[in-house]
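Here's the structure, in structure tokens; my notes come after.
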Amino acid sequence: MNYNKKKELVLEGVSASKGVAEGVVRVLFPKDDMSSFNEGDVLVTSMTDPSMVLVMGMVSAIITDTGGITSHAAILSREMGVPCVVNTTSGTKELSDGDKVYIDGDTGKIYKILS
């Protein structure tokens, strides 16, 4: 990870699993086709459910619109050692497939990588 990349703060939420990551956004809603996910993508969803567990094992980070530190996304991300920010309220609206983001799971901040 290059920490000197130009980035812009776009979202804040609750830190649910510590660590930092960067990757390409893939917005997913329950029952969506999950075949477009690649190893290291960033899962952005309204909330996770058990059908997403296979994808959750591939991602570099998880961002959700809702949830708290005891939510499904939070618990599984801590078990998997994946940074997770929950309760952003608008992650699925502010981020789009293909956006490159930097997630700071320690502070709950999400940055769009500009360069």
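The values are calculated or read from the model by the stated rules, or taken from the named source; none is laboratory data. Here the structure is a predicted model, which means the values were calculated and not measured. Positions of Cβ are backbone-derived with ideal geometry, glycine not excepted, and every protein chain shown enters the neighbour counts. Ligands, DNA and RNA are stripped out before the accessible areas are found, and what is left, the full protein with its side chains, is counted by its heavy atoms. Shrake-Rupley method; radii C 1.70, N 1.55, O 1.52, S 1.80 Å.
Among the listed residues 10, 55, which satisfies the condition of being assigned to a helix (DSSP H, G or I), out of contact with any Gly (no Cβ under 7 Å at 6 or more places or on another chain) and either farther than 15 Å from residue 106 by Cα or open to solvent by 60 Å² or more (accessible area, probe 1.4 Å) (or both)?
On the way: 10 fails: assigned to a helix (DSSP H, G or I).
Exactly one residue qualifies, and that residue is 55.
Here is a list of conditions, (1) closer than 28 Å to residue 4 by Cα; (2) open to solvent by 40 Å² or more (accessible area, probe 1.4 Å), and residue 29 meets all of them except one; can you say which number that is?
(1)
Any residue at all in region 32-50 that's open to solvent by 30 Å² or more (accessible area, probe 1.4 Å) and not in a loop (DSSP other than H, G, I, E, B)? Walk me through how you get there before you give the answer.
Filtering region 32-50 for residues open to solvent by 30 Å² or more (accessible area, probe 1.4 Å) gives 32-36, 38-39, 46-47, 49-50.
Cutting the leftovers down to not in a loop (DSSP other than H, G, I, E, B) gives us 50.
Within region 32-50, one or more residues are open to solvent by 30 Å² or more (accessible area, probe 1.4 Å) and not in a loop (DSSP other than H, G, I, E, B).
Would you pick out the residues in region 67-79 that are more than 18 Å from residue 29 (Cα to Cα) and either hydroxyl-bearing (Ser, Thr, Tyr) or without any contact (Cβ under 8 Å) to a residue 40 or more places away in the chain (or both)?
70, 75, 79
Scan region 84-105 for residues that are open to solvent by 10 Å² or more (accessible area, probe 1.4 Å) and closer than 20 Å to residue 37 by Cα and report the count. Show your work before the answer.
If we filter region 84-105 for residues that are open to solvent by 10 Å² or more (accessible area, probe 1.4 Å), which is where we start, we get 87, 89-90, 92-94, 96-100, 102, 104.
After this cut, where a residue has to be closer than 20 Å to residue 37 by Cα as well, the list is 92-94, 96-100, 102.
The number of residues fulfilling the criteria is 9.
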